[in-house]
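The values are calculated or read from the model by the stated rules, or taken from the named source; none is laboratory data. The structure displayed is predicted, hence computed values, not measured ones. Cβ coordinates were reconstructed from backbone atoms using ideal geometry, including for glycine residues, and neighbour counts include every protein chain displayed. Please note that ligands, DNA and RNA were not included when accessible areas were found on the heavy atoms of the full protein model with its side chains. Shrake-Rupley method; radii C 1.70, N 1.55, O 1.52, S 1.80 Å.
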Amino acid sequence: MEHHIVAEMTEPGGDALKEWHMVRSGQDVAMCGREVDPSAKEMPSDAWGTDAARPFCHTCGALFLREAP
């Protein structure tokens, strides 16, 4: 299954990052259940675990580890 990382901002349309979430391709809900903004900044899933993807949603990270090959 393909995934990508999506930013959650502190306020809609804002520029301050709250945290990153993992999203399954073709979905508009993060793995933790939070709805994500389809226009939000994205990164490829291989950025997970790097400094670029911090802070990362703990729940999304745990679920992603269980799905990742």
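Below is a table of values for the structure above.
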read-out: Pair list, Cβ < 8 Å and 6+ apart or interchain, from segment 54-67 residues that are closer than 20 Å to K41 by Cβ to residues that are assigned to a loop (DSSP other than H, G, I, E, B) and aromatic (F, W, Y); value: F56/W48; G61/W48; F64/W48
read-out: In segment 1-22, residue most open to solvent (accessible area, probe 1.4 Å) [restricted to those that are farther than 17 Å from T50 by Cβ and among the hydrophobic types (A, V, I, L, M, F, W, C)]; value: M1
read-out: Qualifying residue in segment 57-64 (condition: over 11 Å from the mean Cα position of the chain (by Cα), surrounded by 13 or more Cβ atoms within 10 Å (Cβ to Cβ) and either closer than 14 Å to M1 by Cα or not aliphatic (A, V, I, L, M) (or both)); value: yes
